[in-house]
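**Q** Below is the structure I would like to discuss, written out as C-alpha cells.
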Amino acid sequence: MQYKLALTAAAVAASALLAACNSSSSDSSTPSNNTNPSPTPAPQVASGTVAKLALLETTDLHTNVLSYDYFKLAEDKSFGFERVATLIAQARKDFPNTLLLDNGDTIQGTALSDYQAMVSPITCDQTLAIYKAMNAAGYEGGGIGNHEFNYGLPYLSQVTGNRFNVDGQPDPASQKTCAGPKFPQVLANVYSAKTKQPLFQPYTIINKTVTATGPDGKTVSAIVKVGIIGFTPPTILAWDKRWLDGKVYTVGVKEAAEQFIPEMRAKGADVVVVISHGGLDNSTYSPTMENGSYYLSKVAGVDAMLIGHSHQLFPDANSTVPQFNLPGVDKVKGTVNGVPTVMANYWGKNLGVIGLNLAYNNGKWSVDTSKTTVEARSTQNADKSYVAVDPSVSALIAAEHQATINYVKTPVGSTNFRMNSFFADVGDPTAIEVVNLAQADYINTYVKNNLPQYASLPVLSVSAPFKSGFGGGTDYTDVAAGNVAINNAADLYLYPNTIYAVKVSGADIKNWLETAAKRFNQIDPTKTTQQELISSFPGYNFDMFTSKDISYEIDVTKPVGSRIGNLQYKGAPISDSAQFIVATNNYRASGGGNFPGLDGSKTIFASPDANRDVLIAYIKNATNLQRSVHGSDRSWRFTKVATQGAVVFHSAQNALSVAQAAGLSNVSQLQADDGSGKALALYAIDLSK
Amino acid sequence: MAILHAAKRHPRLLISLSVVALATAGGLFWQAQHRNAPDPALRANTLTELRVMADSGRDDDALAELQRLADKGTPDAQRTLGQVLLARGDSEHALTGVRWLQQAGQAGDADAYAALGKAWLLGSPGLAINYPQAHTALQAAAKTGHTGAAYYLGIQLKNGYGIPADAKAAAHWFEVAARNDEPAALFMLANAYRYGDGVANDDAKALALYRKSADLEYPPAIQAMAMAYQHGEMGLKRDPANYKQELAEAAHALKHPAQQP
C-alpha cells in the first residue's frame, strides 16, 4: 500500500518532469584527492532491502533541443530533446528510481550550437541552451564526447563551468568559473599536458537516495552510491588537432578504467556505471583505438555501460551493424560480455533504459544481474507517429531558438546578379565562380601563413555544378539577385565537404580536366541528326576552373581523354611539370570520382573547415557580389566546330534570358517543354560560335 | 630517472614503465626465465601511450624514456621513437626519425617500414618525397600483409609514382588492405570495381565496398553512398530519404573521419 503511494507520488513529481531532481548529491574525486569523501549519514538499511533503479541515457544530442531543422527552417518530428523529454517522464513513471545521464556529443551539431559558440558567443554568466534544458530535466551526470572539443578548449572550459589548467589559458586561479551544467561531468582519459592531471574530474560518486522495499515489505528510503566514469575517443587528438596539439593528451580507455574503477570501489561506490562515448570494436586493443567500449566491458567492476558516438541503436534484435554482431555481444538482451549496455541512437530519437535490481545484503548493495532489463525506447510510435513534445522545453530556450532562426535568415551579403546553374554545362559560371573565388582566397591565405615552402606556387580552385538538372527543372542551384542568406549557401554548395588543397603538376591538371570533360558525349560534326551534348557522367564530377588566370578548350568532337586543348596559365601554355596548388574538397582530393592522380597523396592541407562555411565567410567579406567580379570569368570554352545537325541539351524552362545574361549567345531554345515531364526545356548550342 | 620523473606526475605509467624497463633490461633471457614474463600487448600499449604523451602531450620525459628504450636496441621502441620524431615536422627530427625507423625495419619491424614508406611517398616539410625508397620500404612491409603498407603500395602503383603504373597490382594491394577493414582501402577498391580500374567492372561489389567503408565513417564513401541514392547509381533506386540521411552522416563524420592508415 505504502509502496503504491510512493509510486503515485513519484508519478506526480515526474509529471512535472522538468523540475530538477534533488534526490542526490555527488562527491567529486580526482586522483590527487585520495581522501575519502565525507560520508553522508546514510539511513539505516536492513539486510534484504531491495530497490529498483533505472539508468536513463541520452547520447549524441548534438544540441537538437527542439524538433526543428534550422537549414530548412521547419519542424522535423523525427528528433529533438523536447520529445525524448516525454520518454524521460514516462520512464520516471515506470520506475520508482531513475538516474538520468548523458553520454556526450551534446554541445555541437546544429545552427543553434554554432550561433552560441561563434556567432554570438554566450557570456560567462549564461548557460548553453542544451544545458538549460538538461538542468531543468534533472540530469545527474554526464560524459564528454569528441564533439565537445570542436570549438576549442577555452570554450569547453567556459561552458562546462570548468577552469582548465592547460597551455594557452590563464592560470585557473585567475579564471572565473562560468555558468554550466548543474550536474557533474566526468572524463577519465584526457589529461592536461601542462599538469599531467585529468582535464575533467575522471569520475564522481553520486549519493542517490532511492525508494526501496525493506525485508518487511515496507517502503523505505536508502542511499545507493552510484559511481560514474567517463571516456572519450582518443582519436580527438587527430580530429581536433588544431585545438589540442601540445595542450592535452589521451590515455587508453582500458588503462584509465583499470586505474580509477578500483579507486571508485574503494571510495564506496555500490554500482559503477561506465559512460563511454564510443562504440564496440573487438580488433586488437590499443590505447589509441577509437571505439574502446568492448574492452571497457571486460574491466573488472563495471555494472553497466552507457555507450554512444556511433549514432546507432542497442539493443536491437534486428541490428545488422557489425559492431553489434561480435562475439560476446547480445543484441537482443543488450549485454556486452555480460555487462548490460545501451546506446540510445542520436539527436534525441531514443532513450536508453537499463533497469537494475539492487539488493542490500551484508552491509552493501549489489546488482541482481538475473533481473536486469535493457531497452532503447523510441520517440517514434508503432504507427510511425511521434510522441508529443514536452512543451516546457521550448519555453525554456525560446529566445535562443528565435535568435538562431534570425541568424540563419540574416543576409550575409547581397548579389547584383542571379546565380544559377541552368547553363553551367555550357559555360555559365554564375553559380560556380563565387565558390572558386572563396576557396582560392581561403587556401591562398592559409598557404601564405602556414606553408611557406609552397608560397611561390599559384593557387587555383575547382568546383562543379552539383545541382545540374538530374532531378528535373527544379534541381538547379538558383539564387536570386538581392540578399544572400546563410541558407542560400547550401544551394550554392550542396555537399557537406571540407576544403582541401592539393599540390599537382600541369600534367595532373590536364588529366583532371580530361576526366571532368567526360560530362560530354562525343559529337560527330558530320551527323545531320540531332545529338545530345550531355552524357551520363554526373554533373557533380564536372570540375571546372572559373578564373581569368587559367584557360582551356574542350573539344567535344574528340574521344574521352583527348579533349582538353590550349591549356594556359596567364597566357602561356602549362607544361606537364609545372606545379600548382588547387583548392578542392575532401571527396575529390581523397579519390572521389576516381580522377587520375587524385588519391589522397597530393593533399597538402586537409582543412577541418567546410567549403560552405568558407563560402559564407567570403560573401560576408565581399558584401556585395557583382557579376563583373564574381560571376563572369569563364576559364573554358568549347573548341569551335560547325556541325551539320543540332547539338542539344536540356535545362530549366523559360530560362533563355539567363543564358543571354551570361553572354551565351550561341544558345537557343528548341522546345519550351522537352516532353520529359520533368519541367525541362530543350535547348540547342551552336558550337561554331 | 626519467621513469621516476614521469611517474611522479603520472602514477599509472610507473607500473607499466617498470615492466617495459625490466623487459628491455633483461632482454629475452629475462622473459624466458620468468613465469610472469611481460605481456607483449602490455608493452605495445605502454609504448603507444608514451608516443601519445611525447607527441600530442610534448612530454620531454616520455620522449627521453623512448630514447632510452630505443638505445637498448628493441625494434618496437626504435620504431615508436622514429614515429614521434618524424611527427615533429622539422628536417632535423625527421632525419633522426628516419634513421630509427630504418634500424627497426632492418630488424624485422614491418610497422617501421610501413611508416617509412608512407613518409617517403607523401613527403613532409621535414622530409622530401623519395619514390624509390618508398617503394622498397612499402614492398617490404606489404609482403608481410601489413595493412597500411599494402594501402600505400596500392596508391603508388595506381598512379605510378616513380614506378610504372599498374592498376591490376594496385587493386590487389587495396584488396589486401581492405581485408583488414581499412576504410580508405575499401574506398579505393570500390572505385576500382566501379570504374573497372585493374579489375573487371562490378557495380554490386563496388556498392558493397562503399557501404562497408561508409559504415566505418570514411567521409568520401558516405558521400559516394549519398550521391548514389541521389542519382540512382550502381543499381540503387533513387531514394531521397536515404540521400538525406547519408548527407547528414557525411556532415557528421567529417568532424571525426576515419583516419588514413
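**Q** In terms of modelled amide H atoms, which long-range or inter-chain residues lie less than 5 Å from the amide H of A:Tyr386?
**A** A:Asn381
**Q** Which FRET efficiency value, to the nearest 0.05, is calculated for A:Ser392 and B:Thr144 with the Förster distance at 45 angstrom and r the Cβ-Cβ distance?
**A** Step by step, r from the Cβ atoms, then E = 0.15.
**Q** In degrees, nearest 10, range 0 to 90: what is the angle between the Cα axis of helix B:167-179 and the longest Cα principal axis of chain B?
**A** 60
**Q** From other protein chains only, count the Cβ atoms within 10 Å of every residue's Cβ in B:151-163, then give the mean.
**A** 2
**Q** A further question follows. What angle, in degrees between 0 and 90 and rounded to the nearest 10, separates the Cα long axis of helix B:147-159 from the longest principal axis of the Cα atoms of chain B?
**A** Computed tilt is about 50 degrees.
**Q** Which distance in nm do the two modelled labels at A:Asn416 and A:Phe71 give, with both placed 7 Å along the Cα-to-Cβ direction?
**A** 3.2
**Q** Another question, if that's okay. All other residues with a Cβ under 14 Å from the Cβ of A:Asn337 taken together, and with Lys, Arg as +1 and Asp, Glu as -1, what is their net charge?
**A** Neighbourhood net charge equals +1.
**Q** For A:Lys640, give me every one of the lysines with a C-alpha distance below 25 angstrom, ignoring sequence neighbours fewer than eight places off in its own chain.
**A** Leaving aside lysines fewer than 8 places away in the same chain, those within reach of A:Lys640 are A:Lys510, A:Lys518, A:Lys527, A:Lys548, A:Lys558, A:Lys570, A:Lys689.
**Q** Starting from segment A:504-606, pick out the trypsin sites (Lys or Arg not before Pro) whose DSSP state is loop and whose Cβ has at most 16 other Cβ atoms within 10 Å.
**A** For trypsin sites (Lys or Arg not before Pro) across segment A:504-606 that sit outside H, G, I, E and B with at most 16 neighbouring Cβ atoms in 10 Å, the list reads A:Lys527, A:Lys548, A:Lys570.
**Q** Using a Förster distance of 35 angstrom, determine the FRET efficiency expected from the C-beta separation of A:Thr474 and A:Arg242, and round it to 0.05.
**A** With R0 = 35 Å, the Cβ-Cβ based efficiency is 0.35.
**Q** Of the DSSP beta bridges with both residues in segment A:411-685, give the percent that are antiparallel, rounding to the nearest 5.
**A** Of those bridges, close to 80 percent are antiparallel.
**Q** Another question, if that's okay. How large a share of the accessible area of segment A:2-405, in percent, is made up of carbon and sulfur atoms when the probe is 1.4 Å and the other protein chains stay in place?
**A** 52
**Q** How high is the relative contact order of segment B:146-260, in percent, with contacts defined as C-alpha pairs under 8 Å that are six or more residues apart?
**A** After rounding, I find 17 percent.
**Q** Which whole-angstrom value gives the distance between the alpha carbon centres of segment A:46-71 and segment A:476-502?
**A** Answer, in whole Å: 37.
**Q** Okay, next question. Whole Å is fine, so just give me how far the alpha carbon centre of segment A:622-685 lies from that of segment A:377-455.
**A** If we compute the Cα centre of each part, the gap is 27 Å.
**Q** On average, how much accessible surface per residue is there in chain A, in Å², for a 1.4 Å probe, leaving out ligands, DNA and RNA?
**A** 37
**Q** Step through the table entries A:Lys132/A:Lys331; A:Lys52/A:Lys333; A:Lys254/B:Lys255, compare each Cα-Cα distance with 29 Å, and write down the pairs that go over it.
**A** Going by Cα-Cα distance, A:Lys132/A:Lys331 fall outside the 29 Å limit.
**Q** List the residues of segment A:493-528 that lose 10 Å² or more of accessible area once all protein chains are present, compared with their chain alone (1.4 Å probe, heavy atoms only, no ligands or nucleic acids).
**A** SASA drop of 10 Å² or more in segment A:493-528: A:Leu494, A:Tyr495, A:Pro496, A:Asn497, A:Thr498.
**Q** What number comes out for the charge environment of B:Met188, summing +1 per Lys or Arg and -1 per Asp or Glu over other residues with Cβ under 10 Å away?
**A** -3
**Q** Let me ask something additional. Alpha carbon centre of segment A:293-371 versus segment B:149-174: separation in Å?
**A** One Cα centre to the other: 43 Å.
**Q** Looking at the square roots a ≥ b ≥ c of the eigenvalues of the Cα gyration tensor of chain B, which shape do they give, rounded for a/c under 1.5, prolate if a/b is larger than b/c, or oblate?
**A** Prolate.
**Q** Helix B:91-106: angle to the longest alpha-carbon principal axis of chain B, degrees 0 to 90, nearest 10?
**A** 90
**Q** While we're here: Determine the calculated [θ] at 222 nm for chain B from helices alone, applying -39500 (n - 2.57) to every DSSP H run no shorter than 4 residues and normalising by the residue count; nearest 500 deg cm²/dmol.
**A** Result for chain B: -23500 deg cm²/dmol, rounded to the nearest 500.
**Q** Oh, and also: Set the Förster distance to 60 Å, then compute FRET efficiency between B:Asn201 and B:Asp90 from the Cβ-Cβ distance, nearest 0.05.
**A** Working from the Cβ atoms, E equals 0.85.
**Q** Looking at the square roots a ≥ b ≥ c of the eigenvalues of the Cα gyration tensor of segment A:2-405, which shape do they give, rounded for a/c under 1.5, prolate if a/b is larger than b/c, or oblate?
**A** rounded
**Q** For A:Gln579 and A:Thr526, compute 0.36 nm times the residue count separating them, minus their Cα-Cα distance, and round to one decimal in nm.
**A** Computed gain between A:Gln579 and A:Thr526 is 15.2 nm.
**Q** Are there any trypsin sites (Lys or Arg not before Pro) in segment B:94-180 that are in a DSSP loop and have at most 14 other Cβ atoms within 10 Å? List them by number.
**A** Qualifying residues, ordered by number: B:Lys143.
**Q** How big a patch of accessible area, both sides summed and in Å² to the nearest 100, lies buried between A and B at a 1.4 Å probe?
**A** Interface between A and B: roughly 4600 Å².
**Q** Over segment A:360-509, what is the relative contact order in percent, taking alpha-carbon pairs closer than 8 angstrom and at least six residues apart?
**A** Relative contact order, segment A:360-509: 27 percent.
**Q** Using a 1.4 Å probe on the protein heavy atoms, what percent of the accessible area of segment A:432-557 belongs to carbon and sulfur?
**A** Taking all protein chains in place, segment A:432-557 shows 46 percent carbon and sulfur surface.
**Q** Okay, moving on. Give the share of C-alpha pairs in each 10 angstrom bin for the protein assembly as shown, from 0 to the last occupied bin, in whole percents, shortest bins first.
**A** P(r) over the protein assembly as shown, rounded to whole percents: 2, 11, 19, 23, 20, 14, 7, 3, 1, 0, 0.
**Q** Moving on to the next point. If you take every DSSP beta bridge whose two residues both sit in segment A:47-138, what share of them, in percent to the nearest 5, is antiparallel?
**A** Counting DSSP beta bridges with both partners in segment A:47-138, the antiparallel share is about 25 percent.
**Q** Is segment B:185-261 best put as rounded, prolate or oblate by its Cα gyration tensor, with a ≥ b ≥ c the root eigenvalues, rounded for a/c under 1.5, and otherwise prolate when a/b is larger than b/c, oblate when not?
**A** oblate
**Q** For chain A, list the DSSP H helices whose alpha carbon atoms reach 18 Å or more along the long axis and whose average Kyte-Doolittle value is -0.5 or above?
**A** Within chain A the helices that satisfy the rule are A:2-15, A:81-94, A:253-266, A:433-450.
**Q** Suppose only helical runs count, i.e. DSSP H with n ≥ 4. What mean residue ellipticity at 222 nm does that imply for chain A under -39500 (n - 2.57) per run, divided by all residues and rounded to the nearest 500 deg cm²/dmol?
**A** -6000 deg cm²/dmol
**Q** Express as a percent, rounded to the nearest 5, the fraction of DSSP beta bridges in chain A (both residues included) that run antiparallel.
**A** Around 70 percent of the beta bridges assigned by DSSP in chain A are antiparallel ones.
**Q** Provide a whole-number value for the mean count of partner chain Cβ atoms within 10 Å of the Cβ atoms in peptide A:129-139.
**A** The shielding value for this peptide is 0.
**Q** Let me know the number of lysine pairs in segment A:177-230 closer than 23 Å at the Cα, not counting same-chain pairs under 8 apart.
**A** Final tally of qualifying lysine pairs is 4.
**Q** Given contacts defined as C-alpha pairs under 8 Å and at least six residues apart, what's the relative contact order of chain A, whole-number percent?
**A** 12
**Q** So who's got an amide H within less than 5 Å of the one on A:Lys467, skipping anything under 5 residues away but keeping other chains? H placed 1.01 Å off N, in plane.
**A** Close amide H contacts, sequence-distant or interchain: A:Thr477.
**Q** Still on this structure, please answer the following. Just tell me how shielded B:216-226 is by partners: mean number of partner chain Cβ atoms within 10 Å of each residue's Cβ, no decimals.
**A** Mean inter-chain Cβ contacts per residue within 10 Å come to 5.
**Q** Using the Cβ atoms and a cut-off under 14 Å, what net charge is assigned to the surroundings of A:Phe595, where Lys and Arg are +1 and Asp and Glu are -1?
**A** +2
**Q** A further question follows. Which ³J(HN,Hα) values in Hz, rounded to whole numbers, follow from the phi angles of segment A:582-598 under the Karplus curve 6.51 cos²θ - 1.76 cosθ + 1.60, where θ = phi - 60° and Gly and Pro get x?
**A** Rounded to whole hertz, the list is 10, 7, 8, 10, 4, 5, 5, 5, 8, x, x, x, 6, 6, x, x, 9.
The values are calculated or read from the model by the stated rules, or taken from the named source; none is laboratory data. Since the structure is predicted, the reported quantities are computational estimates derived from the model, not experimental observations. No Cβ is skipped: glycine too gets one built from the backbone with ideal geometry, and neighbour counts run over all protein chains shown. To get the accessible areas, we keep the full protein, side chains included, count just its heavy atoms, and leave off ligands, DNA and RNA. Shrake-Rupley method; radii C 1.70, N 1.55, O 1.52, S 1.80 Å.
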